[in-house]
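**Q** Have a look at this one before I ask anything.
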Amino acid sequence: MIKAVLFDMDGVLYDSMPNHVQAWYETMANLNAVCSTEDFYLFEGRTGESTINIIFNRSFGRNATPQEIESIYEKKAQRFIELEQPGAEPMKGALDVLEKVKKSGLQRVIVTGSGQKSLFEKLDKHYPDFFDRNLMVTAYDVKYGKPHPEPYLTGLKKADILPSEAIVVENAPLGVEAGRAAGIFTIAVNTGPLSDTLLRDAGADELFPSMTSLADNIEKIIQRLSR
Ligand code: MG
C-alpha cells in the first residue's frame, strides 16, 4: 500500500535549477575554480559543502576551510536570490501532480538539500495546503545529503512509513540514486539539460520528460503499486 509521495523540490516543484546553476557557476568561477555549468546539474542534491569541496580539490588540490565554505555558500545563496527576482517559478504540471496525489489520499513529503531561508514562505505561497512543516526534510535535517540515502530515510521516518509504502519524485541523477539507496520506488522527471541515460543509470524505476507528463500518469502508478 502506498501511503506517501516524497518530493524533491528544485527541478521538481520549482523551475529553479537554471538559477541555482548560474549562481554556483558565477560564485566558483570568480574564485578561478575549474568548473562548467553542467557540473552543477550533475552535483544537484549534494550538500553545499560537498559541492564546494569537489570543485576545490579539482582546482586547488585541497578541501575548502569551514570559513571558506560558509562564505562561498553565502555568496551563492545571495546570488541565487538576486537571480530569482521577482520570484520563484513553480514547475509547470507540479500543482496537477500534487492535486492528484492528495486526491488519492497520500501524504506529501518534501525532501530537499536546499537550505533557503524563504523555503517555507515559497511553499505556502505556491502550494498552499499540500505540505505540513513536520513532513519536510531540508539541508538543516541532514549531514550527508544525496546521493546518500539519509535524506529519504529521514523523510520516511518523519512520515512514519516503510520504503515499500513510498514513491520518490526526483529530477537529479544523485537524487534518484538516493531514493533507490533508501529502497524506495523512484520516478525521475527530466526537467533539465542532462541526458535520460544518466537518470536511467542512476536507477530510475520510471522516467518522464516533464511534471505535466507525470501528472497524466501518477494515478495509474499509485494504483499499480498499491495492488
Ligand atoms: Mg532536484
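**Q** Which of the residues that make up segment 168-209 are assigned to a loop (DSSP other than H, G, I, E, B), within 15 Å of the ligand (Cβ to nearest atom), small (G, A, S) and touching a Ser or Thr at 6+ places or on another chain (Cβ under 8 Å)?
**A** Residue satisfying the conditions is A204 alone.
**Q** What number of residues in segment 210-227 are open to solvent by 30 Å² or more (accessible area, probe 1.4 Å), out of contact with any helix residue (DSSP H, G or I) (no Cβ under 8 Å at 6 or more places or on another chain) and either modelled with pLDDT of 95 or more or assigned to a helix (DSSP H, G or I) (or both)?
**A** Within segment 210-227, residues that are open to solvent by 30 Å² or more (accessible area, probe 1.4 Å), out of contact with any helix residue (DSSP H, G or I) (no Cβ under 8 Å at 6 or more places or on another chain) and either modelled with pLDDT of 95 or more or assigned to a helix (DSSP H, G or I) (or both) number 8.
**Q** Would you pick out the residues in segment 127-147 that are more than 15 Å from the ligand (Cβ to nearest atom) and either open to solvent by 10 Å² or more (accessible area, probe 1.4 Å) or in contact with a His (Cβ under 7 Å, 6 or more places away or on another chain) (or both)?
**A** Across segment 127-147, the qualifying residues are P128, D129, F130, F131, D132, R133, N134, L135, Y140, D141, K143, Y144.
**Q** Something else about it: Could you say whether any residue in segment 1-22 is more than 30 Å from D216 (Cβ to Cβ) and open to solvent by 50 Å² or more (accessible area, probe 1.4 Å)?
**A** Yes: segment 1-22 contains one or more residues that are more than 30 Å from D216 (Cβ to Cβ) and open to solvent by 50 Å² or more (accessible area, probe 1.4 Å).
Every residue, every condition in (1) closer than 18 Å to V111 by Cα; (2) of a type outside the set (V, I, T), yes or no:
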{"position": "V168", "(1), (2)": "yes, no"}
{"position": "L174", "(1), (2)": "yes, yes"}
{"position": "A178", "(1), (2)": "yes, yes"}
{"position": "A188", "(1), (2)": "yes, yes"}
{"position": "L194", "(1), (2)": "no, yes"}
{"position": "D201", "(1), (2)": "no, yes"}
{"position": "E206", "(1), (2)": "no, yes"}
{"position": "S213", "(1), (2)": "no, yes"}
{"position": "I222", "(1), (2)": "no, no"}
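**Q** Also, quick follow-up: Is at least one residue of segment 89-96 open to solvent by 10 Å² or more (accessible area, probe 1.4 Å), over 16 Å from the mean Cα position of the chain (by Cα) and free of Cβ contacts under 8 Å to residues at least 12 places away in the same chain?
**A** no
**Q** Could you check segment 91-131 and list, in sequence order, the residues that are modelled with pLDDT under 95 and charged (D, E, K, R)?
**A** K117, E121, K122, D124, K125, D129
**Q** For K117, state whether it is open to solvent by 70 Å² or more (accessible area, probe 1.4 Å), in a loop (DSSP other than H, G, I, E, B) and touching a Ser or Thr at 6+ places or on another chain (Cβ under 8 Å).
**A** no
**Q** Give just the number: which of (1) part of a helix (DSSP H, G or I); (2) assigned by TED's automatic domain parsing to the domain that holds L194 does I72 not satisfy?
**A** (2)
**Q** Scanning segment 25-58 for residues that are within 16 Å of the ligand (Cβ to nearest atom) and assigned to a loop (DSSP other than H, G, I, E, B), which turns out surrounded by the most Cβ atoms within 10 Å (Cβ to Cβ)?
**A** Only one residue fits best here, namely G45.
**Q** Regarding P128, is this residue assigned to a loop (DSSP other than H, G, I, E, B), within 17 Å of G45 (Cβ to Cβ) and either touching a residue at least 60 places away in the same chain (Cβ under 8 Å) or of a type outside the set (D, E, K, R) (or both)?
**A** no
**Q** Could I ask something else about it? Quick check: is even one residue across segment 180-188 out of contact with any Lys or Arg (no Cβ under 9 Å at 6 or more places or on another chain), under 27 Å from E38 (Cα atoms) and of a type in the set (D, E, K, R)?
**A** Yes, because at least one residue in segment 180-188 is out of contact with any Lys or Arg (no Cβ under 9 Å at 6 or more places or on another chain), under 27 Å from E38 (Cα atoms) and of a type in the set (D, E, K, R).
**Q** A further question follows. Considering each residue of segment 165-184, count those that are open to solvent by 10 Å² or more (accessible area, probe 1.4 Å) and either in contact (Cβ under 8 Å) with a residue 60 or more places away in the chain or within 14 Å of F43 (Cβ to Cβ) (or both), and give that number.
**A** So the answer is 5.
The values are calculated or read from the model by the stated rules, or taken from the named source; none is laboratory data. Every value quoted in this text rests on a predicted model; they were computed, and no experiment measured them. For neighbour counting, all protein chains shown are included, and Cβ atoms are generated from backbone atoms with ideal geometry for every residue, glycine included. Heavy atoms of the whole protein, side chains included, go into the accessibility calculation; ligands, DNA and RNA do not. Shrake-Rupley method; radii C 1.70, N 1.55, O 1.52, S 1.80 Å.
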